[in-house]
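Below is one structure; the comments refer to it alone.
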Amino acid sequence: MSQTDFLTPWRDVMVELVRGDQPDLSMRQWALLLTVYLTPGPHTVRRLSEDLEVPKPAISRALDALSIHGLVKRERDEADRRVVLVRKTPDGSEFIDRFASAVDASERSSDLGYY
């Protein structure tokens with residue numbers, strides 16, 4: 001099996017997402033979304049910028065798009081009102097769960113030789 005064969009399940013899931021009614025996210029938005037959902041918080045624009053090594057304005061633009069889709073939300077930190085926290089949402093959790101299930105199913109069918 002070649003190294004690129006491992007990408008086939010991911011491609012299949014991405015094509016499924018593009019064809020469906022799911023938000024069409026950029027790579028930066030995906031990286032940000034997965035960082036928020038898969039790494040421990042608290043998440044702030046500054047910390048996300050440092051973690052992803054992307055400028056803060058780019059993080060803010062990506063958060064704007066993710067917020068419009070209801071996948072994340074921003075809230076002021078009650079302890080320090082200057083800090084904006086990036087939080088998970090129920091819709092975002094459901095989106096990530098569906099994506100993970102689709103990747104898992106695609107990888108399992110790939111392992112069975114359906115590709």
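Every number here is computed from the coordinates shown, using simple stated rules; none is lab data. In this text the structure is predicted, and so the values were computed from the model without any measurement. We place every Cβ from the backbone using ideal geometry, glycine too, and count neighbours over all the protein chains shown.
Tell me whether the range 1-48 comes out rounded, prolate or oblate; compute the Cα gyration tensor, take square roots of the eigenvalues as a ≥ b ≥ c, and use a/c under 1.5 as the rounded threshold. Verdict is oblate for the range 1-48.
Amide H to amide H distances under 5 Å link V83 with D77, where only residues 5 or more positions off or on other chains count and H is placed in the peptide plane.
Looking at the chain, what % of the alpha carbon pairs are farther apart than 22 Å?
Within the chain, distances greater than 22 Å cover 40 percent of Cα pairs.
Placing a pseudo-label 7 Å from each Cα along the Cα-to-Cβ vector at K73 and D24 gives an inter-label distance of 2.8 nm.
Once the Cα-Cα distance is subtracted from the 0.36 nm per residue extended length, the T89 to V54 segment shows a gain of 10.3 nm. About its Cα centre, the chain has a charge dipole of approximately 580 debye under the convention of +1 per Lys or Arg Cβ and -1 per Asp or Glu Cβ, with nothing else charged.
Adding -39500 (n - 2.57) for every DSSP H run of four residues or longer, then dividing by how many residues the chain holds, sets the calculated 222 nm ellipticity at -18500 deg cm²/dmol. Among F99, F6, the ranking by other beta carbons within 10 Å of each residue's beta carbon, starting with the fewest, stands as F6, F99. Once the Cα atoms are used to define both axes, helix 27-38 deviates from the longest principal axis of the chain by about 80 degrees.
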